[in-house]
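Asker: First the structure, which I've put down as structure tokens, then a few questions once you've had a look.
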Amino acid sequence: MKIAILSRNPRLYSTRRLVEAAKAHGHEAQVLDVLRCYMNITSHRPSIHYKGAMLEPCDAVIPRIGASVTFYGTAVLRQFEMMGVYPVNESVAITRARDKLRSLQLLSRKGIGLPVTGFAHAPDDIEDLISMVGGAPLVIKLLEGTQGIGVVLAETHNAASSVIQAFMGLKANILAQEFIKEAGGADIRCFVIGDKVIATMRRQGKEGDFRSNLHRGGTASVVRITPEERSTAVRAAQTMGLNVAGVDILRSNHGAVVLEVNSSPGLEGIETATQKDVAGEIIKFIERNAAQRNTRTRGRG
């Protein structure tokens, strides 16, 4: 098979590993900078051009689209779908997962455990918003934030009120969320492929930081998850419509709660911690599914 990998940087660990895994399984892999792809949007013969030439047909595409280029990246991916190329994750699913508010509402509708979360627009509603999520301490998140950026722990009621007012004053959309103290600054990353959790790691935030992101100095270790946590991770990925996802779970006093469903989960942390060939598992998933041309949306939506 010929596999296209949409990535802005071919030197990134995740991109390199996917190329290596594809070649190890006897496939051809081509890394494409998604911002250098441009489209001929026409009836019957949609096409994609890259750096001055029309792309040759490929069998599957692996989107590694950064949050800052979601709009253009998913447009390019949608074009691949219209051309009948099998996407590991579909454009609609990626867009759905990137919208933090929408994704939480969808997870809530499916009855999946979540931290108590509030969303408001008017400064007059701040007091009730804080009360709604259980009061201080509480977590305040920018809807557009990634990798722990734009996430604030407000330890007192006054601090929470001030931070929310400041964000509202900047016309920023924010979520207020209960602080799961019992998690101890750690979360569990469940790497889901298809209908299985194929690798898990516990991420612990650095001293004095409640955020567990590895980019923020957190550490990773192997962890065994419960059947409930496994089921929660798979259901969360399926609710988003993602075939490959990183589902972040907190262990709370009222069970497993989902923090986020990531549509482009990094491979370095999970492969290093678990010593598993996660990239190879993604290629195996493509081998099982790409030939069926079973894209659900075919570029619609």
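Asker: Can you spot the lysines whose alpha carbon is less than 20 Å from Lys181's alpha carbon? Ignore those fewer than 8 places along the same chain.
Answerer: Filter leaves Lys141, Lys206.
Asker: What shape does region 1-63 have by the C-alpha gyration tensor, where a ≥ b ≥ c are the square roots of the eigenvalues, rounded means a/c under 1.5, and otherwise prolate means a/b greater than b/c and oblate the rest?
Answerer: oblate
Asker: Would you calculate the separation in nanometres between label points at Met39 and Glu127, each defined as 7 Å from the Cα along the Cα-to-beta-carbon direction?
Answerer: Using points 7 Å along Cα→Cβ, the separation is 4.9 nm.
Asker: Using 1/(1 + (r/R0)^6) with R0 = 25 angstrom and r between the beta carbons of Val116 and Thr226, what's the FRET efficiency to the nearest 0.05?
Answerer: About 0.70, to the nearest 0.05.
Asker: Sort 48-55, 163-170 by the packing proxy (mean of other Cβ within 10 Å over each peptide's residues), most packed first.
Answerer: Sorting 48-55, 163-170 by mean packing, highest first, produces 163-170, 48-55.
Asker: Same structure again: Assuming 0.36 nm per residue, please report the length gained on full extension of the stretch Gln275 to Ala291 beyond their Cα-Cα distance.
Answerer: In short, 2.8 nm is gained.
Asker: Relative to the first principal axis of the alpha-carbon coordinates of the chain, what is the inclination of helix 278-289, with its axis defined by its Cα atoms, in degrees from 0 to 90 and to the nearest 10?
Answerer: Orientation of helix 278-289: about 60 degrees from the principal axis.
Asker: Moving on to the next point. For region 236-268 and region 4-28, compute the distance between their C-alpha centroids and round to whole Å.
Answerer: Their Cα centres are 23 Å away from one another.
Asker: Using only DSSP helix segments of four residues or longer, with each worth -39500 (n - 2.57), what per-residue ellipticity at 222 nm results for the chain after dividing by its residue count and rounding to 500?
Answerer: Dividing the helical sum by the residues of the chain leaves -9500 deg cm²/dmol.
Asker: Checking the a/c ratio against 1.5 first, then a/b against b/c, what shape does the Cα gyration tensor give for region 117-179?
Answerer: Judged from the Cα gyration tensor, region 117-179 comes out oblate (a/c at least 1.5, b/c at or above a/b).
Asker: Okay, moving on. Measure nothing fancy, just the Cα-based angle from helix 100-109's long axis to the longest principal axis of the chain, in degrees from 0 to 90, nearest 10.
Answerer: Here the helix axis deviates by roughly 80 degrees.
Asker: Give the long-range amide H neighbours of His49: residues separated by 5 or more places, or on another chain, with amide H under 5 Å away, using H modelled in the peptide plane at 1.01 Å from N.
Answerer: Under 5 Å from the amide H of His49 lie the amide H atoms of Tyr38, Met39, Asn40, Leu55, each far enough along the sequence or on another chain.
Asker: Still on this structure, I have one more. Compute the FRET efficiency between Lys23 and Ala53 as 1/(1 + (r/R0)^6), taking r as their Cβ-Cβ distance and R0 = 22 Å, and round to the nearest 0.05.
Answerer: 0.45
Asker: Sticking with this structure for a sec: Given axes a ≥ b ≥ c from the Cα gyration tensor, I'd like to know whether the chain is rounded (a/c under 1.5), prolate (a/b larger than b/c) or oblate.
Answerer: Note, shape of the chain comes out prolate.
Asker: Another one. Pairs Lys2/Lys51; Lys51/Lys276; Lys100/Lys276: which are spaced more than 24 Å apart, C-alpha to C-alpha?
Answerer: Lys51/Lys276; Lys100/Lys276
Asker: If the only charges are +1 at each Lys and Arg Cβ and -1 at each Asp and Glu Cβ, what is the size of the charge dipole of the chain around the Cα centre, to the nearest 20 debye?
Answerer: Dipole size: approximately 960 debye.
Where a number appears in this text, it was derived from the coordinates with a stated rule and is not lab data. As the structure is a prediction and not an experimental result, all values here were calculated from the model. Note that each Cβ is placed from the backbone with ideal geometry, even for glycine, and that neighbours are counted across all protein chains shown.
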